[in-house]
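Where a number appears in this text, it was derived from the coordinates with a stated rule and is not lab data. As the structure is a prediction and not an experimental result, all values here were calculated from the model. Note: ideal-geometry Cβ built from the backbone for every residue, glycine included; neighbour counts use all protein chains shown.
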Amino acid sequence: MVRGPAGSGKTILSLHFLQQGIDEGETALFINLEEDLRDLKANAAALGFDTDAIEFLDLSPSADAFVEDESYEVFEPAEVEREPLTDRIVEGVTEADPDRVVVDPLTQLRFLLSDDYQFRKQVVGFMRFLKDRGATVLFTVQNTPSLPTDDLEFITDGTIRLDATSYGKTVRVPKFRGSATQSGDHAYRITESGIEVYPALQPGTNQVNDDDGEFEQISSGIPEVDELLHGGIERGTVSIVSGPTGVGKTTLSTQFMKEAAGRGERSVIYLFEETKETFLARSRAVNIPVDEMIEKGTLQVTEVEALERSPQEFARMVREEVEEEGADIVMVDGVSGYRLTLRGEEEQMLQQMHALGRYLKNAGVTGVLIDETRNVTGEFRATMENVSYLADNIVFLRHLEVDGEIRKAIGVLKKRTSDFERTIREFRITEHGITVGEPMSGLRGILSGTPEVVEREADRNDRE
């Protein structure tokens, strides 16, 4: 049973089922109970289905069903239409002898029968008739308040549910006898060639890093940053780089990819919040050779329009880069933009980010998430999207106001796999790249954004 609201693609999915049978040398029969056959064939052909190879049994209402007549008698639909309809179905199925059958929609039969009991009885008999002839049957239903279809599940071996959510169309398989199914809501899109499905991301079981094993360090190429991180970030971990706008989060993260390119490793950046042209121009200006990296295949930069993608579509993009192109580092810039793929649903966003992080870690791929905090100065927040629990490492950047001058600072807030330096250092981006200074021990209140100068004891003694 395929169930879903009008326009969800039930008929298109049914045509995929029949087309697959044709491609495998089977006979396909489409029993049409509702749509005009000419429109059905035209739409199917436009999507690339072989309508000449599909047998159609058209039982849809014709124009003759609506005729004005001043004198008429009222009959129950079952008295007039059920017997001829049954005879036509038996005749059509017998003649076609199909391997695969689609009935679209089965619920149309309810209007030809006197009550729900008769409908269920006829449906059971109909399905047994088709199965006894060796046919695999797919039927569609459209659930409405006046015509519930939950009680039809008892006759099915499988149920496919199509639905529409705030972030796009979804498909799930709550029932499928004799076989395991992939749980979760999977996204799909109706395209020029039919339905394209984007499975929900499954973390997998191939854990690369053993809990008791050694983690390989990935250097940033900046000694002071590596000192803060006790050598760098570990391969196969998820890091969050957080901070307000313009502080250098993307540039710092790209620095790790610059070093990875020197080792011949491949990195992928997904831009949710700025254009590719802007990113490339900024990177060139700070001595990161992005053009050379792209040319050599060590860097892929992809601009993502969040409102046009579902999280499952994005997950497939990531999987293709990891499993087909061998990506070693994946950066999502940024978390707020990614959230738009879910249209603001907080719980769903956290679930999807958790699945993405777990997938990358199990694949041995290093993940970097860019999280923009709102406050330029003032109250300190490590992350803005409540994703800190997903991270193995959290590196924060901060704007400071010192003596009327805007400066920047860098620090490490969290590192699961090793110790880290707990000082805060000055952070600068110049035309030659990133520079990081010595620990800012002469200031206190740095995380507030408006630090105060701490008078050293030697200076105080000299003054006294």
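Here Lys41 is the anchor, and the lysines within straight C-alpha reach of less than 19 Å, apart from those fewer than 8 places off in the same chain, are Lys10.
Using bins of 10 Å that start at zero, the share of Cα-Cα pairs per bin across the stretch 217-457 amounts to 7, 33, 38, 18, 4, 0, 0, in whole %.
Roughly speaking, what % of Cα-Cα pairs in the stretch 8-50 are separated by over 17 Å, rounded to a whole number?
27 percent
Both the radius of gyration and Dmax for the stretch 154-271 are 21.5, 67 Å, in that order, over alpha-carbon atoms. Here the spin labels are modelled as points 7 Å beyond Cα on the Cα-Cβ line, and at Ser60 and His432 they lie 7.4 nm apart. Of all lysines in the structure, those lying under 16 Å Cα to Cα from Lys361, and not within fewer than 8 positions of it along the same chain, are Lys415. Excluding same-chain neighbours fewer than eight residues apart, the lysines reachable from Lys276 by a Cα-Cα span under 22 Å are Lys249, Lys258, Lys296.
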